[in-house]
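**Q** My structure is below; once you've seen it, I'll send some questions.
Taken together, the values in this text are just the output of simple stated rules run on the coordinates, not laboratory data. Remember, it's a predicted structure, so these values are computed and weren't measured experimentally. Note: ideal-geometry Cβ built from the backbone for every residue, glycine included; neighbour counts use all protein chains shown.
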Amino acid sequence: MNMVGLNVANVSALGPSTASKSSSSSFGALLDGAVRQLEMSQAQANQQITGAMTGQVSVTQAMVAVSEAQSTLDVATAVRNNVVQAYQTIMNMSV
């Protein structure tokens, strides 16, 4: 079980040692994977909630799925906020 929900795979591909084109495509793939994982986490939580309402899944399992989805969303929101803050900092720099 992944406690946070977002896997950061192949972070070394994002370093300055790689070519610009490959690092941008690697970053895009990393971002795409993280968003897909967030969507899957949310969908799984919804399925578990539906299963709990119909009696097919225990309430405990549903609550665990909801907690994992919430943690994943919190991490994604924090990353987004940091990216926006970094962008604003760069835009406010004098050249």
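**Q** Between a residue in segment 71-89 that is closer than 26 Å to Ala45 by Cα and any residue that is of a type in the set (Gly, Ala, Ser), which pairs come within a Cβ distance under 6 Å, given they are 6 or more apart or on different chains?
**A** Ser71/Gly5; Thr72/Gly5; Thr72/Ser41
**Q** Scan segment 68-84 for residues that are surrounded by fewer than 13 Cβ atoms within 10 Å (Cβ to Cβ) and touching a helix residue (DSSP H, G or I) at 6+ places or on another chain (Cβ under 9 Å) and report the count.
**A** Of the residues in that region, 0 qualify.
**Q** Mind checking which residues of segment 52-65 are over 24 Å from the mean Cα position of the chain (by Cα) and either at positive phi or assigned to a helix (DSSP H, G or I) (or both)?
**A** Ala52, Met53, Thr54, Gly55, Val59
**Q** Another question, then. Out of all the residues in segment 21-58, which are farther than 17 Å from Val83 by Cα and exposed (fewer than 13 other Cβ atoms within 10 Å of the Cβ)?
**A** Lys21, Ser22, Arg36, Glu39, Ala43, Thr50, Met53, Thr54, Gly55, Gln56, Ser58
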